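Here the structure is laid out as structure tokens; the discussion comes afterwards.
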Amino acid sequence: MNRLLYILLISAITIVGFTMYQQKDLGHISFTFADTAFETNLVVFGAAVLCALFAVMLLAKSWHLLRNAFIYFGSKRQKRLIEKAHQSLSQGLIEYAEGRFEQAEKILLQQIKYSDNRLLVYLSAARAAQQLGAHERRDEYLRKAHLEAPKADVAIGLTKAELQLAHDQNEQALATLTQLNELSENHTYVLTLLANTYKHLHDWDNLKKILPALKKYTRLSAESFLSFEFIVCNGQLNNLAKNGDADQLINFWSATSHHLKTLPGIVEHYAKQLIAVDAAGEAEKTLRHYLNKNWEESSIILYSELDVMVDNKQLDMAENWLEDHQHNAWLLLALGKMCISRSLWGKAKNYLEASISINPMPENYLKLARLLEEHMDEPAAAQEYYRQGLHLLAGDYGEEILEKTANDFERETPQLKIVKT
């Protein structure tokens, strides 16, 4: 369209100029500026104007072409530099994945000036520096990452916390995660890392405080969440036991959730803490009630280790377990101890002998030997049980034990049926 206008304009000027020339009337134009005067005819003036116009147009076109050339070659160069930056990032990540952290850090930063993803470059370089133990460089890269992307505080903070946790900088990680939790409350991953940090620091009270949020806002499985509850409960029991106050332990146990009281690991740990603060009677009560509803081998083993005074009701309840567990050596050992506490020497002897016949252990040998020596005036038999127990403790089981056969076991077990009589 512009070219057509130029052609029409030039044509019109040419026709007018030629007509004026034929009529020998070229017109007259005069210019005066200051003391200078310039005169010419209209045809010359028109030609001069056209030449000037063409010169301006030529310069404009040349400038436009020159500018486009600069833009084109500049764009090509910028693309090459960006491509190099992409290659640098990719190669740096490969070096990091292959464990060459020093090369990774160097390669990542080579073309960062031209990178269009400097945040990722700085975060990756921070990870490489962390692996090299260069904590100051790590923090500097994280600072630069923040300057590049001020709105990525959570991503940068999480990276920093992960690196600190990976190198056992738990106190620093706790400070970082606490700040992140304030910045982005109930953030799923922040809560998970914060919970693990409290776990590493054995900060059971603060871990317990975030358990509701951990359950509500994270994707922890039921088993994983229960494991947090488990360690919190046992950790708090440990702390209370250090105070030496049995009442505090008992009060804490009363307030403990019912579903935790059904876990043998927690029940047994509570019983052990009670024993540690000289409350073995309360430990016996707890284990007895638990075993009455939930039979666990580890719990009966712990129960058998108790030396406490019991009443007839407690003994009767424990003897009722024999109906389903008459071949359990630990239960028989526990019953033997309980009968000793009630001065039921004959009954205690039967239980302890039955326990030995099923599973010879240094403890049931020792208990039986002491019973025979101190209460039943059978020193020779006591000495024999002492000897066998020592052999067992030393790993020398003796021929009389090693030669015990399955038939011997079957022959001995019927006496268990009359232990309660």
Problem set entry | Kyte-Doolittle at least 0.5, axis length at least 27 Å by Cα - qualifying DSSP helices, the chain | 2-22, 42-97
For this session: Starting from the Cα of residue 79, draw a straight line to each of the aspartates and glutamates and keep only those under 14 Å, dropping any in the same chain fewer than 8 residues away.
Result: 116
For this session: Treat the count of other C-beta atoms within 10 Å as a stand-in for reagent exposure and order 317, 338 from fewest to most.
Result: 317, 338
For this session: Based on the mean of other Cβ atoms within 10 Å per residue, sort peptides 246-253, 262-269 so the most packed one is first.
Result: 262-269, 246-253
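As a quick test, which of the pairs 261/293; 151/216; 209/261; 242/272 have an alpha carbon distance above 22 angstrom in this structure?
Over 22 Å Cα-Cα: 151/216.
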Exercise. Measuring from centroid to centroid over Cα atoms, what is the spacing of the stretch 340-365 and the stretch 98-124 in Å?
Worked result: 72
Problem set entry | Listed residue (258, 381, 125) projecting farthest to the positive dipole end of the chain, Cβ model | 125
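Going from the alpha-carbon gyration tensor of the stretch 259-365, what semi-axes, largest first and in whole Å, does one get by taking the root of 5 times each eigenvalue?
22, 15, 13
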Problem set entry | Exposed-loop-free span, longest in the chain, where trypsin sites (Lys or Arg not before Pro) count as exposed if DSSP calls them loop and at most 14 other C-beta atoms lie within 10 Å | 25-218
For this session: Taking every Cα atom in the stretch 275-324, find the radius of gyration and the maximum pairwise distance Dmax, and write them in Å.
Result: 10.6, 33
Seminar exercise, completed: At 20 °C in a medium of viscosity 1.002 mPa s, the chain has a Stokes-Einstein diffusion coefficient, with Rh taken as the Kirkwood radius over alpha carbon pairs, in µm² per second, of 69
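Since every read-out is calculated from the coordinates, none of them should be taken as a lab result. Note that the structure is predicted; figures quoted are calculated from it, not measured. Every residue, glycine among them, receives a Cβ derived from its backbone with ideal geometry; neighbour counts consider all protein chains shown.
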